[in-house]
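Before we start, here is the structure in question, set down as structure tokens.
The values are calculated or read from the model by the stated rules, or taken from the named source; none is laboratory data. Computed from a predicted model, the values in this text were never measured in an experiment. Positions of Cβ are generated from backbone atoms using ideal geometry, with glycine treated the same way; all protein chains shown enter the neighbour counts.
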Amino acid sequence: MLQRVVRSTVIDAPIERVWAVLRDFNSHDRWHDVVAESRIEGGERSDQVGCVRSFTLQDGHRIREQLLTLDDREYRSTYTIVEATVPLQRYVATVTLRPVTDAGATFWHWESTFDTPPGRERELRDMVAQGVYEAGFANLRRHLAGAADLRGGAAPMPVALPLAARRVVVAAYGGADVLRGEAFDAPPPGPGEVRVRQRAIGVNYLDVYLRRGFIPAMLPLPGVPGMEAAGSVIDVGPGVHGVSAGDRVAYLGPRAGAYASVRNVPADWLLRLPAAVDDDSAAATLLKGVTADYLLRDLGRIGRGTRLLVHAAAGGVGLLLCAGAARLGARVIGTVSTDEKARLARAQGCDEVIVTRDYRFADAVQRLAGGADVIVDGLGDAARDENLAALAARGHWISLGQASGALQALDPDALLAKSASFSRPVVFAYMATREERQARAQRVWDALADGTLGRPLIERHALDAAAQAHRRLEQRATAGALVLVA
Amino acid sequence: MIKVYVSSVIDASADTVWSRIRDFNGLPTWHPAIADSRIENHEPADRVGCIRHFHTRDGGRIRERLLALSDYDYSCTYEILESPMGVDNYVATLKLMPITDGNRCFAEWSAEFDCAEGRERELTATIGDGVFQGGFDALKRHYASGRR
């Protein structure tokens, strides 16, 4: 049921003076105690109808409100909440002033309608009526009594401050134990950067390789691992356009550093999150989904009848490959380590599942399909000879990872017998331009939103428990995607 | 088009004040400038469209038609059909708004009308200061004595 709150008072000041304060949509952090900090998004004027004020309350809540009406003739301002951490839904408020002509004073009427979650009607009505409107009356009276409105110039715009945050750092390469949580101050965003409040961080096998020191150039020490995250924009640095505080975003970047609750990233990396995709699903799916996308569409050229061998078919990328390849009409063969994982892979469209813990699968692949046209391999050195044996003539072995250990040098002549090809791709090469990033991400969001991907299977760990998440991944104990929540 | 707007704060709730002024036939009971009033054709005083026929204390005869009445908005709008004032197209609204902090309400009375050139100031004073403010002053005196 729609809630309605009305509060009104008389302010002992001429209407012109009261209106001069209230018509400024960004003035409330100067006179209302409950507002900690406010700014107008996108550098717009505070009397621009349609502008959005983004502000924090003293209790930490964040609210974005849009100015819908500004009427200097009727002394009226109407605005609506477009996003808030307070559960006020469909909130539309109107401030109306009238002159009290026989007293030189101002009548101030403040009202709103909104919905609330069931059972919280009274609490939220009281919060709006007392915490915001009545307190606002008293605060504005004090503001005017102290002549704060008459002192020259507006208060300076609040300057972005460092934010207390957590991150996970690798000080020396090694086992999962080298991942250590620590507190740090997340600095304001620099030129071209956006500061992101990261709520969900994707964990990928690449993070394990970096932690072990396989690719030192990608994780210089001490360093913060992690390539992808989802959350919302806190603030933007100089020269950033088209991104506003509060926007829901995700990114997948070529530079590590995602294992943190707050991170500054180049604005160019950001991908907008549609409402239908939650933070956890985005972080669980972005890198893996984009990987599946380029493997299926570009590198693997998977089509009807393609015999595709997917290792770790119940893993994060594996499940997406099974589902995507099945849609394209491919014949999908997967390898997994347990019967439970076999069930998951089958449910995603894997036609044949080979359960093996000792990297023996070539005979089965030859028997089932006469060899594989494409192999997507994350196993590495222990499965090297089996992969060569599992290939069909003119087959394509795509080495995506090396969970069992770094692949030993491959003699080119090993490919000759089957006229085979070998690829060693990195996802970032397939999303080098902004257009490519957007297009690939959009296909992932679409698949998540329209249900083609189903709800991703997600195992969640706290950010500070990143070591535990890595251990689970390396023990092959997980199915689906791992996400750190901050 | 001339506009007149007068407003005030009265020390009683909007409900209380409204019960005193909503009667379209009740001007003589609260407005000191009105001598008598009746509703034409024996219609009820809260029927929108009814006409009140009254005399001011200085002898003027005025007929006004009720155009809108809202107990929800505490508002009443009427037009002058006949008067000695020399106004045309005269439409006025008397309206209350609650003031939630304290037992009081905001009252506003406004009118729009046309008149002969040169009479604007005089009519604005007569209507605004005399009729409207005079009515509010009477209400304020009435409730100042603690009758709420």
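For every residue, the table says whether it meets (1) in contact (Cβ under 8 Å) with a residue 40 or more places away in the chain; (2) surrounded by fewer than 18 Cβ atoms within 10 Å (Cβ to Cβ); (3) facing another protein chain (nearest Cβ under 10 Å); (4) closer than 24 Å to B:Arg61 by Cβ.
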residue: B:Asp101; (1), (2), (3), (4): no, yes, yes, no
residue: B:Glu112; (1), (2), (3), (4): yes, yes, no, yes
residue: B:Leu123; (1), (2), (3), (4): yes, no, no, yes
residue: B:Thr126; (1), (2), (3), (4): yes, yes, no, yes
residue: B:Gly130; (1), (2), (3), (4): yes, yes, no, yes
residue: B:Arg141; (1), (2), (3), (4): no, yes, no, no
residue: B:Ala144; (1), (2), (3), (4): yes, yes, no, no
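Given the criteria over 21 Å from A:Gly480 (Cβ atoms) and either without any contact (Cβ under 8 Å) to a residue 24 or more places away in the chain or not assigned by TED's automatic domain parsing to the domain that holds A:Ala479 (or both), does A:Gly405 qualify? Even if it seems obvious, please write down each step before you answer.
Numbers: over 21 Å from A:Gly480 (Cβ atoms): yes; either without any contact (Cβ under 8 Å) to a residue 24 or more places away in the chain or not assigned by TED's automatic domain parsing to the domain that holds A:Ala479 (or both): yes.
When the stated conditions are applied, A:Gly405 passes them.
Output the number of the condition that A:Val444 fails; it satisfies all remaining conditions of (1) in contact (Cβ under 8 Å) with a residue 40 or more places away in the chain; (2) within 19 Å of A:Tyr205 (Cβ to Cβ); (3) not assigned by TED's automatic domain parsing to the domain that holds A:Asp279.
Among (1) in contact (Cβ under 8 Å) with a residue 40 or more places away in the chain; (2) within 19 Å of A:Tyr205 (Cβ to Cβ); (3) not assigned by TED's automatic domain parsing to the domain that holds A:Asp279, the lone unmet condition for A:Val444 is (3).
Follow-up question, since we're still on this one. Could you tell me whether A:Arg476 is in a loop (DSSP other than H, G, I, E, B), within 28 Å of the chain's Cα centre (by Cα) and closer than 30 Å to A:Asp363 by Cα?
Here the answer is yes, as A:Arg476 does meet what is asked.
Is the range A:242-253 home to any residue that is modelled with pLDDT of 90 or more, more than 20 Å from A:Asp279 (Cα to Cα) and buried (at least 17 other Cβ atoms within 10 Å of the Cβ)?
No: the range A:242-253 contains no residue that is modelled with pLDDT of 90 or more, more than 20 Å from A:Asp279 (Cα to Cα) and buried (at least 17 other Cβ atoms within 10 Å of the Cβ).
Is there a residue being within 30 Å of B:Phe136 (Cβ to Cβ) and without any contact (Cβ under 8 Å) to a residue 12 or more places away in the chain anywhere in the range A:63-77?
Yes.
Name every residue in the range A:106-131 that is of a type outside the set (S, T, N, Q), closer than 14 Å to A:Leu88 by Cβ and crowded, with 21+ Cβ neighbours inside 10 Å, in order of residue number.
A:Phe114, A:Leu124, A:Val128
For the structure I just gave you, tell me whether A:Arg255 is closer than 27 Å to A:Ala217 by Cβ and part of a strand (DSSP E or B).
Judged against the criteria, A:Arg255 is not a match.
Which residue is nearest to the other protein chains (Cβ to nearest Cβ), if the candidates are limited to the range A:1-48 and must be aromatic (Phe, Trp, Tyr) and in contact with a strand residue (DSSP E or B) (Cβ under 9 Å, 6 or more places away or on another chain)?
Of the range A:1-48, the ones aromatic (Phe, Trp, Tyr) are A:19, A:25, A:31.
From the residues that got through so far, the ones that are in contact with a strand residue (DSSP E or B) (Cβ under 9 Å, 6 or more places away or on another chain) too are A:19, A:25.
Values: A:Trp19: 15, A:Phe25: 24 Å.
Taking the candidates together, the pick is A:Trp19.
Next question. Restricting attention to the range A:193-208, and to residues there that are assigned to a strand (DSSP E or B) and among the charged types (D, E, K, R), which single residue is farthest from the chain's Cα centre (by Cα)?
A:Glu193
How about the range B:1-50: which of its residues are out of contact with any helix residue (DSSP H, G or I) (no Cβ under 9 Å at 6 or more places or on another chain), more than 20 Å from B:Ala111 (Cα to Cα) and among the charged types (D, E, K, R)?
Result: B:Asp15, B:Arg38, B:Glu40, B:Glu43, B:Asp46, B:Arg47.
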